[in-house]
Amino acid sequence: MHNHVIQSKEVFHGFVMQRSQRLLVTATGAALTCMALVLMGGLAAYYYLEPSLPDVETLREVQLQVPLRVYSRDHRLIAQIGEMRRIPVRSEDIPQTLVQAFLAAEDDRFFEHPGVDYQGLLRAGIVLLSTGEISQGGSTITMQLARNFFLTPERKFVRKLREIFLALRIEHELDKQEILRLYLNKIFLGQRAYGVGAAAEVYFGKTLDELTLAEIATIAGLPKAPSDDNPVRSPERATARRAYVLRRMHELNRIDTETLRTALAAPMESRLHGPTVELEAPWVAEMVRQEMVERFGKDDLYTAGYQVTTTLDSRLQADAVNALRLALLEYDRRHGYRGPVAELEWPLPEAVADDVQPEAQRREALNDFADVGGLATGLVFDVGEQDARVFVRGAGEIELGWDGIKWARPYIDDNNVGAAPGKAAEVLAPGHVIRLARSDEGGWVLSQLPAVQGAIVSLDPLDGALLALSGGFDFFDNKFNRAVQARRQPGSSFKPFIYAGALDKGFTTASIVNDAPVVFRDPGLESIYRPQNDTRRWHGPIRLREALVRSINLVSVRLLQDIGIPYAINYLTRFGFAPEDLPHDLSLALGSAGVSPLQLAEGYAVFANGGYKVEPYFIERVEDASGEMLYQADPLIVCAECERFRIERELEAEAEEESDRRELLLAPEPEPAEEPAVAEAPELEALFYERPFAPRTISEQTAYLVSDMLRDVIKRGTGRRALALNRNDVAGKTGTTDDRRDAWFSGFNGRLVATVWVGFDQERPLGRYEEGSRTALPMWIHYMGEALDGTEAARQPPPRGIVTARILPESGMLASANDKNAIFEIFRAGHLPARAPQDRTPGPFGPEGEEEELDEEILF
């Protein structure tokens, strides 16, 4: 019986073994068959999809969508313009910690798999079988790169296959470092930031090498849901995602436990940061954008990575912005305090206590008030007898002393202010939102956004390069570019152009013109024209130089009448003014034409450079994303030596031609000549003539004479405030229009031209006593003082054809050797005045300089 049982067991065991072997064989065969089917299916799918797969080689040449970037001449970033924020970075500039964080979060086996992580795909396959949905699981960094560069984000099976095949192809064609660099530059990370370089700037205002571990982990956690998990949109979700990345780094032994704890405890501090602009020149950036649209079109302007280098000098541009703001604030303080930006309910809602507000609550209360024009924004929370405590965004609690408050007399109108305050409570109260500026000593001063506006523009007179420009107090408050777009009357700052025309028409610096009341019946004007001097006084006969120094209106009008309006209109085109923009009547002499500050600076450049016409330009070169040059400026340059050289060679050539003609007349009949030889290549001197030199537009002598008179404007005329510069090479002219609606100053030395303007956008008088010398000239002084600091004098030397003579100041005639009252004057050679008779008596209008009441003269 026992043996029978044993035999039965053995039979059963053998049966089970045979059945198991058959099942194993069957299962193995089925598995191999499935694998073969899968392989065949995969191959079939590959050959089906392969023609539609893009060429991986294009990855090396792919153009990242990089915004338009604008730089100063010394490569300071002015602006980047475009919807996408991207800062391409090189592999060597990517911190290793950031690479480790991304691999920990997205693909820790990146350096081990061939582009496809089959373990991840298996998990994604299980999800597909169990739910019927395509999940994002299993996507390696290479697969994400394939999807981001070439495929759509839709979740379809065919798209997933394309992604897998393309990832395998990418891994075959590119090495791991190339793949990682492309991925970290391409990936979308929320808030318009593409790539890790842009994300570091957008969320933290830093470059990659400045990021902390906590900040790196925050960025590395963004690819999963960049729009929802970013720290600006949801600090809570960003914190949770950061913790996941840090824990994964710890699990992979990339960081130790202490480092993990420190990074987890770091506060989530993030806000949107603009591009790291290194130079404030937004009006120039907009000028560049418009010019680039005209040159290259709009299609890919903001994504092709154009790099535009402007002619701006970063130091001069910063000086110009500061000078404009300082001058406008000085004007604004003279006209009184208009009150706070806003008056908030006080105590603030949900206050902890009436007199103690949490810092976060005060910061939140200021969120609706942006800083403007370099002015800080503050919230007054306590007012003392002659001081106040203010919470300032970015600076915390500060004390505003009496020196920063006492100026604030209440504004009444443009001509009047109220009484000076005696205590701080007359000006400020808790809940006031105010603007503040820094004083020269580093303290704080109560301020306000000026109601008045201004502009400043500075050119290089030797080639027309725009060196500095500011079109107003703050671009983001008002984008109108007053330096280029505004057309305002220049007033007396236009007079030098009329004087230049008179000098070329036979007048001299010593010519006598009668400063006396006059009425013109000008057919170009609708009514009788009765010009006036600003002082409503007259000087009688006066020399041209003195008339310009004192800015006498009636002399300018008489000059224009003498030289003729048609001649003057044609002459003014030499300075760049279009005839259709000029009034064809006698008011032209007093600057009634509408011009922009840039146009006026262009005109003054002719005096500064010795008589040449240069064209203003502001784009020096344009490069594509790879650095290839697309455009290089080729400006007309001033070269006086070149002009002299050219004239001498032309005279020599003419003399040689004349000599050849004479020889031919005397020579016998020539014998038949041999075939002419091929002309030699032009010499270097011939090529020299082809360079783009600026054309001469007025004579060197005229430019020098006008410049010399304009230097006297600063030495002893309406520009005397500029003596503070302590320089002998500066020249310029003030300008004030009727009712003091516009205030100007244009001036220069041999290397720099600058024009400034102050006025209201909606034209109205600037107020009593506000004129070019008081309102605009300080801006020019602030700018030129910094711009010329440490530079040598740049003054045009007297050209050939200029002579010096002694004259009598009251008549302008040549003086004799015995005249003790004689003064020196300069003239163009051959244009000296007549010698004064020995027996002289004062003229009917008395000696020059005496102001008298004179009868009105009527001229037809």
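Couple of notes before you dig in:
- Separation of the residue 769 and residue 817 label points, Cα + 7 Å toward Cβ, nm: 5.2
- Length gained on full extension, residue 832 to residue 371: 159.9 nm, using 0.36 nm per residue less the C-alpha separation.
- Around residue 81: net Lys/Arg minus Asp/Glu count, Cβ-Cβ under 14 Å: +3
- The stretch between residue 93 and residue 641 holds 192.4 nm of extra length on full extension. This uses 0.36 nm per residue minus the Cα-Cα distance.
- Candidates per trypsin sites (Lys or Arg not before Pro) in region 782-819, loop by DSSP, up to 14 other Cβ within 10 Å: 800
- Cβ-based net charge around residue 766, under 15 Å, with every Lys or Arg adding one and every Asp or Glu removing one: -3
- Spacing of the modelled spin labels on residue 271 and residue 532, each 7 Å from Cα toward Cβ, amounts to 5.3 nm.
- Take the Cβ atoms of residue 519 and residue 789, set R0 to 45 Å, and the FRET efficiency comes out at 0.40.
- Residue 236-residue 300 FRET efficiency (beta carbon distance; Förster radius 35 Å; 0.05 resolution): 0.35
- The distance linking region 432-466 with region 511-571 is 36 Å (Cα centroid to Cα centroid, whole angstrom).
- Residues of region 426-444 with amide N under 16 Å of the 7 Å Cα→Cβ point at residue 364: none
- By the rule of a C-alpha distance below 27 Å, with chain neighbours fewer than 8 residues away ignored, the lysines paired with residue 206 are 176, 186, 224.
- Distance between region 224-250 and region 292-312 - C-alpha centres, whole angstrom: 36
- Under 14 Å, Cβ to Cβ, from residue 188 - net charge with Lys/Arg +1 and Asp/Glu -1: +3
- Loop GluC sites (Glu not before Pro), region 567-637, which have at most 14 other Cβ atoms in a 10 Å radius of their Cβ (DSSP): 628
- Within straight-line cross-link reach of residue 423, lysines at Cα separation under 30 Å, skipping those fewer than 8 residues along the same chain: 406
No lab work stands behind these numbers, since they all come straight from the coordinates. What you see is a predicted model; the values in this text were computed from it and never measured. Counting neighbours? That spans all protein chains shown, and the Cβs are built from the backbone with ideal geometry, glycine included.
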